[in-house]
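Report on the following structure.
The values are calculated or read from the model by the stated rules, or taken from the named source; none is laboratory data. Source: prediction; values computed, not measured. Heads up, the Cβs are rebuilt from the backbone with ideal geometry, glycines too, and the neighbour counts pull from every protein chain shown. Calculation scope for accessible area: heavy atoms of the full protein, side chains included, ligands and nucleic acids excluded. Shrake-Rupley method; radii C 1.70, N 1.55, O 1.52, S 1.80 Å.
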Amino acid sequence: MTGVAQAMQEFGLDGTGVKIGIVDTGVDYNHPELGACWKTEGCPWQFGEDFIGDKYDSSSDNPIIEPNDTPMDCDGHGTHVSGIIGARGPQHFSRNRKVRSG
């Protein structure tokens with residue numbers, strides 16, 4: 001439909017060696033469509049930092065900044081963005097699902 005698959009095939013592109021940085025609310029790296037792993041061989045999530053922690057509230061006059069050991073998403077937005085960029089396809093939901101209207 002968009003021609004992306006054809007262009008990738010013609011130019012021999014498959015994403016090998018591509019690294020992408022995402023600065024957002026974190027990522028739920030345990031999600032099955034995002035690999036369900038963290039810093040293990042073959043896992044897409046090899047790097048990541050939590051810069052502010054789960055207690056941070058941007059509306060507070062004195063926001064609490066307590067970074068966690070991993071960048072686990074506490075909001076969902078970062079996981080959504082990560083899924084758009086790097087999801088591995090239908091790993092969790094049935095491929096036989098049908099959407100019906102009306």
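As a length-normalised measure over Cα pairs under 8 Å and 6 or more apart, the relative contact order of the stretch 1-88 settles at 32 percent. Among Cys74, Val27, Gly15, which residue has its Cα positioned farthest towards the positive end of the charge dipole of the chain, with +1 placed on the Cβ of Lys and Arg, -1 on the Cβ of Asp and Glu, and the dipole taken about the Cα centre? Ranked along the dipole, the leading option is Gly15. Which residue, Gly48, Gly17, Gly83, has the most motion in a Gaussian network model of the chain that connects Cα atoms within less than 10 Å? So, out of Gly48, Gly17, Gly83, the one fluctuating most is Gly17. Basic side chains Lys and Arg get +1 at the Cβ, acidic Asp and Glu get -1 at the Cβ, and with that the dipole of the chain about its Cα centre reaches some 820 debye. Using a 4.7 Å Cβ-Cβ cutoff, the cysteines of the chain lacking any partner cysteine are Cys74.
On a full-extension model of 0.36 nm per residue, what is the gain between Trp38 and Asp69, subtracting their alpha-carbon distance, rounded to one decimal in nm?
Additional length available on full extension: 10.0 nm.
Here the Gaussian network model covers the chain, with springs between Cα atoms less than 10 Å apart; of Asp54, Asp28, Asp14, Asp14 fluctuates the most. In terms of its C-alpha gyration tensor, the stretch 22-71 has a prolate overall shape, because the principal axis ratio a/c (a ≥ b ≥ c, square roots of the eigenvalues) is not below 1.5 and a/b outweighs b/c. Calculated accessible area for the chain comes out at 83 Å² per residue, all protein chains present (probe 1.4 Å; ligands, DNA, RNA ignored). A value for P(r) over Cα pairs in 10 Å bins from 0, in percent was derived from the coordinates, and within the list (i) 13, 34, 30, 16, 7, 0; (ii) 14, 37, 25, 15, 7, 2, 0; (iii) 18, 49, 26, 7, 0 it appears as (i). Counting protein heavy atoms only, the chain has 51 percent of its accessible area on carbon and sulfur, 1.4 angstrom probe.
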